[in-house]
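Working notes, structure below.
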Amino acid sequence: MKNALQFVDTNKQRFLDELIDFLKIPSISNSPKYADDTKRCAAWAMNNLKAAGLENVELIETEGYPVIYADWMNAGADKPTVLIYGHYDVQPVDPIEKWDNPPFEPVIKGNTIFGRGTADDKGQVFVHFKAIEAMLKTNGKLPCNVKFMVEGEEECGSNHLEEVIRTCSEKLKCDYAIVSDTEWFAAGLPTICYALRGLSFGEVTVTGPNRDLHSGTFGGAVDNPINVLCRMMAKLTDENGKILIPGLYDNVLPVSEKEHKLFSELPYNEEKYMEDLGVEALNGEKGYTTLERAWARPSIDINGIYGGYTGEGAKTVITTSATAKISLRLVANQNSMEVSKKLEAYLRSIAPKSVKVDYKYLHGAEPVLVELDSKPVKTCEKALEQAFGKKPVYMREGGSIGIVELFGSVLKAPTVLMGLGLPTDNIHSPNENYSLDNFFGGIKASIIFLEEIAK
Ligand code: BES
Ligand code: MN
Ligand code: MN
């Protein structure tokens with residue numbers, strides 16, 4: 001293992017050069033405009049895995065972007081198999097004018113690399129590519145069996161991956177799964193994430209009159225779809241921040257005593273949190289702390305709302321329809337499809353007769369809550385402590401990773417979320433960046449993890 005760790009130190013520059021090549025490919029999965037680039041990115045990652053010494057490197061084709069598979073299964077049947085998951089697709093770059101450097105021309109400033117995908121998730125998944133390379137090139141073998149599954153549709157809902165996991169469950173069979181696609185609680189504070197929220201994402205359109213109307217001639221007589229939609233959206237939550245969809249809280253699992261203790265031990269400072277966001281006050285469900293609201297309670301947000309005239313200057317018009325995109329974040333033991341049905345029924349129940357309601361479910365993710373005492377979590381604790389010199393803390397995460405729940409429910413593999421990002425990474429935002437300390441330290445943590453899990 002010593003040799004592998006040394007290999008990391010002597011190959012830093014090359015690792016970085018390769019990461020930069022990976023980052024230069026605009027693998028934006030939500031727009032067909034980048035289809036060729038996204039496929040080219042998959043091919044690039046495959047070649048890198050091959051060069052690292054992985055075997056059976058192949059693309060599993062789907063109706064969407066391909067899933068990269070690779071393995072190294074020569075450690076013997078008595079050694080465990082670890083599945084490493086990540087994603088090679090990235091978010092769009094808008095608003096592009098807010099970037100200090102072009103998003104696909106990565107630059108290093110100090111100890112940080114800037115560019116789209118640096119933290120989410122190319123930089124993090126690449127950590128494991130290089131850990132395997134370091135071990136194979138120094139020892140010619142790995143301490144345990146390893147499989148990679150790297151997808152290209154995470155940022156738009158992992159819509160085809162569920163089928164791959166179900167139909168290829170034999171191929172993907174493993175004892176443990178490891179995912180690096182979350183973040184630490186703070187810089188310098190290694191963190192294990194033990195829960196992800198789920199997601200139910202959809203859009204509602206209300207349609208009124210059959211053509212745009214003069215707001216003077218018809219205003220006050222005909223219901224305006226935008227006014228209607230706003231009234232409906234105002235009924236999603238009450239003044240105490242409680243979501244008003246009937247039955248929404250039915251299966252919500254409360255935060256345990258043990259977790260309350262874990263949360264209270266984190267170095268959370270509400271003043272700093274507000275200052276960082278530029279807000280004077282926070283708001284949410286009454287009776288819960290900010291961390292509980294963001295990690296362990298359902299939440300509902302309108303992500304975009306449009307309709308009518310939005311160009312420059314005035315135009316007095318009552319338009320024909322208005323749309324809102326809505327995300328509902330879910331916690332254990334809610335289910336994305338069930339919740340979507342409840343939301344749709346509620347929207348229909350509060351809509352006036354004057355409009356027609358269409359609800360379209362776009363994608364979802366199931367919530368994840370992993371066992372804190374599992375072997376991979378305990379092993380990860382050791383690996384992070386050895387690599388970064390500090391015992392990790394535990395947190396939940398408010399975001400979602402579409403497919404992780406299936407690792408437990410279909411592959412029956414205990415999972416650890418060894419996130420290596422930081423809260424300052426600006427994921428999904430301009431100036432996304434990644435700490436090189438976390439990148440190189442992460443490679444060492446991955447090496448130690450694989451070594452330890454084999455014991
Ligand atoms: N890596 C993120 C999940 C995440 C978010 C981790 C925030 C840590 C902090 C992932 O790539 C992501 O963005 N997920 C989407 C999922 C959706 C498109 C199904 C999300 O949470 O919105
Ligand atoms: Mn991600
Ligand atoms: Mn993301």
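The values are calculated or read from the model by the stated rules, or taken from the named source; none is laboratory data. Note that the structure is a prediction, hence the values are computed from the model and not measured. Quick reminder, even Gly has a Cβ in these numbers, built from the backbone with ideal geometry, and neighbours come from all protein chains shown.
Data overview
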{"read-out": "Only one of Leu16, Leu49, Leu59 that is crowded, with 19+ Cβ neighbours inside 10 Å, at negative phi, of a type in the set (A, V, I, L, M) and touching a residue at least 12 places away in the same chain (Cβ under 8 Å)", "value": "Leu49"}
{"read-out": "Residue count, segment 1-15 (criterion: farther than 13 Å from Phe129 by Cβ, assigned to a helix (DSSP H, G or I) and not basic (Lys, Arg))", "value": "8"}
{"read-out": "Lone unmet requirement of (1) in contact (Cβ under 8 Å) with a residue 12 or more places away in the chain; (2) more than 16 Å from ligand 1 (Cβ to nearest atom); (3) within 30 Å of Ile305 (Cβ to Cβ); (4) out of contact with any Leu (no Cβ under 9 Å at 6 or more places or on another chain) for His160", "value": "(2)"}
{"read-out": "Enumeration of residues in segment 69-112 that are farther than 26 Å from Leu436 by Cα and part of a loop (DSSP other than H, G, I, E, B)", "value": "Met73, Asn74, Ala75, Gly76, Ala77, Asp78, Lys79, Pro80"}
{"read-out": "Near pairs, Cβ below 6 angstrom, 6+ apart or cross-chain, from segment 117-145 (more than 24 Å from Thr424 (Cα to Cα)) to any residue that is more than 16 Å from ligand 2 (Cβ to nearest atom) and among the basic types (Lys, Arg)", "value": "Cys144/Lys79; Asn145/Lys79"}
{"read-out": "Any hit, segment 298-310, residues being under 15 Å from Ala195 (Cβ atoms) and touching a residue at least 24 places away in the same chain (Cβ under 8 Å)", "value": "yes"}
{"read-out": "Residue list for segment 251-281, filter: acidic (Asp, Glu), free of Cβ contacts under 8 Å to residues at least 24 places away in the same chain and either surrounded by 10 or more Cβ atoms within 10 Å (Cβ to Cβ) or assigned by TED's automatic domain parsing to the domain that holds Gly188 (or both)", "value": "Glu270, Glu275, Asp276"}
{"read-out": "Qualifying positions in segment 45-90 - more than 15 Å from Cys168 (Cα to Cα) and within 16 Å of ligand 2 (Cβ to nearest atom)", "value": "Ala45, Tyr65, Ile84, Gly86, His87, Tyr88, Asp89, Val90"}
{"read-out": "Within segment 79-103, considering residues that are more than 16 Å from ligand 3 (Cβ to nearest atom) and of a type in the set (A, V, I, L, M, F, W, C), the one surrounded by the fewest Cβ atoms within 10 Å (Cβ to Cβ)", "value": "Ile96"}
{"read-out": "Condition check for Lys39: over 25 Å from Arg14 (Cβ atoms), out of contact with any strand residue (DSSP E or B) (no Cβ under 8 Å at 6 or more places or on another chain) and in contact (Cβ under 8 Å) with a residue 12 or more places away in the chain", "value": "yes"}
{"read-out": "Of all residues making up segment 129-157, the number that are more than 21 Å from Pro376 (Cβ to Cβ), within 16 Å of ligand 3 (Cβ to nearest atom) and not acidic (Asp, Glu)", "value": "3"}
{"read-out": "Elements of type helices (runs of 4 or more DSSP H) in segment 367-455, at least 3 residues being more than 16 Å from ligand 3 (Cβ to nearest atom) and over 21 Å from Met149 (Cβ atoms)", "value": "375-388, 436-453"}
{"read-out": "Test: residue in segment 345-359 that is small (Gly, Ala, Ser), more than 19 Å from the chain's Cα centre (by Cα), buried (at least 20 other Cβ atoms within 10 Å of the Cβ) and over 27 Å from Ala294 (Cβ atoms)", "value": "no"}
{"read-out": "Residue ID - surrounded by the fewest Cβ atoms within 10 Å (Cβ to Cβ), chosen from residues in segment 163-206 that are touching a residue at least 60 places away in the same chain (Cβ under 8 Å) and of a type in the set (S, T, N, Q)", "value": "Ser169"}
{"read-out": "Unmet criterion (only one of (1) crowded, with 17+ Cβ neighbours inside 10 Å; (2) closer than 21 Å to Lys242 by Cα; (3) more than 16 Å from ligand 3 (Cβ to nearest atom)) for Thr290", "value": "(1)"}
{"read-out": "Of all residues in segment 403-447 being closer than 25 Å to Gln386 by Cβ and of a type in the set (Asp, Glu), the one that is surrounded by the fewest Cβ atoms within 10 Å (Cβ to Cβ)", "value": "Asp437"}
{"read-out": "Count of residues meeting criterion [in contact with a strand residue (DSSP E or B) (Cβ under 8 Å, 6 or more places away or on another chain) and of a type outside the set (Ser, Thr, Tyr)] in segment 421-455", "value": "15"}
{"read-out": "Residues of segment 233-250 satisfying the condition of being surrounded by fewer than 14 Cβ atoms within 10 Å (Cβ to Cβ) and outside any loop (DSSP other than H, G, I, E, B)", "value": "Ala234"}
